[in-house]
Amino acid sequence: MSTYGIMVDRIAAELERSDIGSASLPGVIGSHINDAIRQHKGRNWWFLQGPTSAALTSATTASDSYVTEYSGLIQLDSLRVTVNAQLDELEPISFNEMELLHDGNAQTGEPYKYTRYGNRVRLYPTPGDVYTLTWSGLFEEATLSASADTNDWMTHGELLIRHTARMTICRDYLRDMEAAGACMPAIAAAADALDREHMRRSPTRTVRPRM
């Protein structure tokens, strides 16, 4: 396991530039680490996929068809509603379909359809009571700030984030294009390794028929 401070110190040692970051004062290096995480946050790797758990639930409001998306949501894979202690998956539909359903329709009840728009989802029918929604998908990791801070990017994604941060430091801060270019093969190799591990962990396999 790595931490924010450990990664800062390692990048400083690799660049031989302890003046731009240390575990106690991340400085330039720390900023580029967080930038690297933001750059790759949309990748659909296994360690970013939030599990369905109580920590990822929110509640509807009676007589309000809109719900604010769960904080930090990047990609929504499924949205489920709890009705009579049973989790039921909501059907995703387009924004236009949702507009037509609500057009002049004051129906309320147990929602069974949803659409995303902006940073909210809209439900149909409009909840007639308070229901629990369970969100599954990709979620942003908290911004790293303290030396002991860690997250999945500091463990599973350590190589990718470290090489990416070192590349952007060379390119944007040190203005050393040759050093920045030298980081690119390592970034690609780290991303490829994560892709392979993600496929290995995938629950589905393609079985080739016998000829």
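The values are calculated or read from the model by the stated rules, or taken from the named source; none is laboratory data. These figures come from a predicted structure and were not determined experimentally. Backbone-built Cβ (ideal geometry, glycine too); neighbour counts: all protein chains shown. To get the accessible areas, we keep the full protein, side chains included, count just its heavy atoms, and leave off ligands, DNA and RNA. Shrake-Rupley method; radii C 1.70, N 1.55, O 1.52, S 1.80 Å.
Of all residues in the stretch 140-149, those that are more than 12 Å from the chain's Cα centre (by Cα) and surrounded by 14 or more Cβ atoms within 10 Å (Cβ to Cβ) total 3.
Looking only at residues of the stretch 93-108 that are more than 13 Å from Leu123 (Cβ to Cβ) and more than 32 Å from the chain's Cα centre (by Cα), we find that the one that is surrounded by the fewest Cβ atoms within 10 Å (Cβ to Cβ) is Gly104. Of the residues making up the stretch 168-199, those that are open to solvent by 100 Å² or more (accessible area, probe 1.4 Å), more than 18 Å from Asp152 (Cα to Cα) and assigned to a helix (DSSP H, G or I) are Tyr173, Met177, Glu178. Being out of contact with any Phe, Trp or Tyr (no Cβ under 7 Å at 6 or more places or on another chain), within 30 Å of Glu69 (Cα to Cα) and of a type in the set (S, T, N, Q) narrows it down to one residue among Thr132, Thr150; which is it? After ruling out the rest, the residue left standing is Thr132.
The residue pairs whose first member lies in the stretch 145-157 and is outside any loop (DSSP other than H, G, I, E, B), whose second member is open to solvent by 50 Å² or more (accessible area, probe 1.4 Å), and whose beta carbons are closer than 7 Å, counting only pairs six or more residues apart or on different chains, are Asp152/Glu141; Trp153/Glu141; Thr155/Met1. Tallying residues that are of a type in the set (S, T, N, Q), in a strand (DSSP E or B), within 30 Å of Gln39 (Cβ to Cβ) and open to solvent by 30 Å² or more (accessible area, probe 1.4 Å) within the stretch 109-139 yields 0.
Can you find a residue in the stretch 85-92 that is crowded, with 18+ Cβ neighbours inside 10 Å and farther than 27 Å from Glu197 by Cβ? Yes: the stretch 85-92 contains one or more residues that are crowded, with 18+ Cβ neighbours inside 10 Å and farther than 27 Å from Glu197 by Cβ.
When the strands (runs of 3 or more DSSP E) confined to the stretch 1-108 are screened for residues that are free of Cβ contacts under 8 Å to residues at least 60 places away in the same chain, those reaching at least 3 such residues are found at 73-83, 86-89. Residue pairs whose Cβ atoms lie under 7 Å apart, separated by 6 or more positions or on different chains, with the first residue in the stretch 163-179 and under 18 Å from Met7 (Cβ atoms) and of a type in the set (Lys, Arg) and the second open to solvent by less than 50 Å² (accessible area, probe 1.4 Å) and not in a helix (DSSP H, G or I), do not occur.
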